[in-house]
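Q: Got a structure here, written out as structure tokens. Questions coming.
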Amino acid sequence: MDITKLGAEELRVITPTEEQLEKVKSSRQEIYIILDNILDTYNTGSVFRLADAVGAKKIYLCEGSETPPNHKIKKASVGTWQWVEWEYFEHTKEAINDLRLKINDIKIIGVELDARAIDYTKADYSLPIALVVGHESDGISQEVLSMCDQIVQLPQLGINKSLNVMVSLGIVLYEVLEKNSR
């Protein structure tokens, strides 16, 4: 399927046509992203851009996460917030329950530094899958972590204990793509 690739300048000003939206929707994979109380709107916008890049089907914005239309989200997403389906849930656990009801056999995987976490390269990322990332300082809430089927973490070799939420999510999403292309 041929999808026209647009640059940042075009994406910031374009309103997608129904035909373009249908092409994009048909190319999406059973990958879902759940943002558990992400406060930085630039992170949220960047997640939209990342979701578009990997062909994720939908983003769930939860708890305190800001929603489009928001100037900073629009800017950081370079317009991709128009292309990626999203939904807001007041509580992250409701988003997870909604996904479990709608999609059979979906795996919920938290990306978090946690005693229960395994190395992100060792996880089973077969689709359908939902990746959960959490608050920039506090991480994923314990209540939400307890709902995850698996928790993965990235190795941290330096003094800092964590990566930016969008960077961590990006690394794991590309691992998902890699493991599902085999």
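The values are calculated or read from the model by the stated rules, or taken from the named source; none is laboratory data. Since this is a predicted model, take the numbers as computed values, not measurements. Quick reminder, even Gly has a Cβ in these numbers, built from the backbone with ideal geometry, and neighbours come from all protein chains shown. The protein model used for the area step is the full one, side chains on, heavy atoms only, and it has no ligands, DNA or RNA in it. Shrake-Rupley method; radii C 1.70, N 1.55, O 1.52, S 1.80 Å.
Q: If only Cα atoms are counted, what is the Rg of the chain, and what is its Dmax, in Å?
A: Just the Cα atoms of the chain yield Rg and Dmax of 15.7, 49 Å.
Q: Heavy-atom accessible area per residue, segment 1-142, 1.4 Å probe: how many Å²?
A: 50
Q: Please get the size of the charge dipole for the chain, origin at its Cα centre, with Cβ charges of +1 on Lys and Arg and -1 on Asp and Glu, quoted in debye to the nearest 20.
A: Value, rounded to 20: 360 debye.
Q: Let me have the relative contact order for the chain, percent, based on Cα pairs under 8 Å that are six or more residues apart.
A: 23
Q: Taking the Cα centroid of segment 56-73 and of segment 116-182, what is the distance between the two, rounded to the nearest whole Å?
A: Segment 56-73 and segment 116-182 have Cα centres separated by 19 Å.
Q: Mind checking the dipole of segment 66-149: about its Cα centre, +1 per Lys or Arg Cβ, -1 per Asp or Glu Cβ, Debye to the nearest 20?
A: Magnitude of the dipole: close to 280 debye.
Q: Given a cut-off of under 8 Å on Cα pairs at least six residues apart, what relative contact order in percent is computed for segment 80-143?
A: Worked out over segment 80-143, it gives 31 percent.
Q: Next up: By how many degrees, 0 to 90 and rounded to 10, does the Cα axis of helix 18-27 deviate from the longest principal axis of the chain?
A: 30
Q: Let me ask another. Pull up the DSSP beta bridges for the chain and report the antiparallel fraction as a percent, rounded to 5.
A: In the chain, DSSP labels about 5 percent of beta bridges as antiparallel.
Q: Per 5 Å bin from zero, what fraction in whole % of the C-alpha pairs of segment 78-182 is there, up to the bin with the longest pair?
A: Result returned by the calculation: 2, 11, 21, 24, 22, 13, 5, 1, 0.
Q: Order these peptides, 125-134, 144-153, 68-77, by their mean beta-carbon neighbour count within 10 angstrom, highest first.
A: My ranking of the peptides, most packed first, is 125-134, 144-153, 68-77.
Q: Another question, if that's okay. With a point put 7 Å past each Cα toward its Cβ, work out how far GLU85 is from GLU178 in nm, to one decimal.
A: About 2.9 nm separates the two model spin labels.
Q: Hey, what number do you get for the chain at 222 nm if only DSSP H runs of n ≥ 4 count, each worth -39500 (n - 2.57), divided across all residues, to the nearest 500?
A: -11000 deg cm²/dmol
Q: Quick one: among LYS93, LYS57, LYS122, which has the greatest mean-square fluctuation in a GNM of the chain with alpha-carbon springs under 10 angstrom?
A: Per the Cα network of the chain with a 10 Å cutoff, LYS122 tops the list.
Q: LEU39's amide H: which non-local residues (gap 5+, or another chain) put their own amide H closer than 5 Å, with H modeled 1.01 Å from N in plane and none for Pro or chain starts?
A: Correct list: GLU136.
Q: Something else now. For a 21 Å ceiling on Cα separation, which of these pairs sit above it: LYS93/LYS122; LYS23/LYS122; LYS25/LYS58; LYS23/LYS93; LYS57/LYS107; LYS57/LYS161?
A: Violating the 21 Å limit, Cα to Cα: LYS93/LYS122; LYS23/LYS122; LYS23/LYS93; LYS57/LYS161.
Q: Sticking with this structure for a sec: With a point put 7 Å past each Cα toward its Cβ, work out how far ALA115 is from GLU143 in nm, to one decimal.
A: About 2.2 nm separates the two model spin labels.
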